[in-house]
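Enquirer: One structure follows; several queries about it will come next.
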Amino acid sequence: MSLRPRHYVLIAVILGLFLFNMVRRRHAQPATTAAPAHIVPTSPPTQSPAWTAFDHAAALRDAPDPAFQPAMQDLQQQIAAAPAGQDMQGCLTWLEFYRQGALHPTLDPAWKQRSQHHLDGCVKYHLDTSI
């Protein structure tokens, strides 16, 4: 079988598309593999009555309900009385998620791990680590 000029053109077009896709794929890979940067504060955590109450409630997060509920109520009161600049709603939400997972165990271990990771960041840095 002899190749005609149109066959050579078709082969050139196929090779050109292949090379174009390879180059495009290599340029797109670094953008998709970049991980978001985590903000790590360099200053010591701020102390306030609300964060102290959060630390106490977080320390009791695995305790039975009669021990945990008074700490949770104190935390909610302290958050309501806290200045507007303290954003603790994300930390409070993750503490509630953690407790819900402890009270109603699930087959998905990722919930507890995500909650624990977030809560540990809240206790360590005294800021909502979801930002």
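Readers should treat all values here as calculations from the given coordinates under stated rules, not as data from a laboratory. The model shown is predicted, which means the values in this text are computed figures rather than measured ones. Note: ideal-geometry Cβ built from the backbone for every residue, glycine included; neighbour counts use all protein chains shown.
Enquirer: Arrange Thr52, Thr106 by Cβ neighbour counts within 10 Å, fewest through most, would you?
Expert: Thr106, Thr52
Enquirer: Working out 0.36 nm times the residue gap between Tyr125 and Ala28, then minus their Cα-Cα distance, what length gain in nm do you get to one decimal?
Expert: Working it through step by step, the gained length comes to 31.4 nm.
Enquirer: What does the extension gain come out to for Ala12 and Phe97, with contour length at 0.36 nm per residue minus their alpha carbon separation?
Expert: Stretched fully, the Ala12-Phe97 segment lengthens by 24.7 nm.
Enquirer: Send over the Kirkwood Rh of the range 49-125, from the inverse of the averaged 1/r over different Cα pairs, rounded to one decimal Å.
Expert: Taking the inverse mean of 1/r over all distinct Cα pairs, the range 49-125 comes out at 12.6 Å.
Enquirer: If you don't mind, there's one more thing I want to ask. Fewest to most neighbouring Cβ within 10 Å: what's the order for Ser48, Ser115, Ser2?
Expert: Listed from fewest to most nearby Cβ atoms, that is Ser2, Ser48, Ser115.
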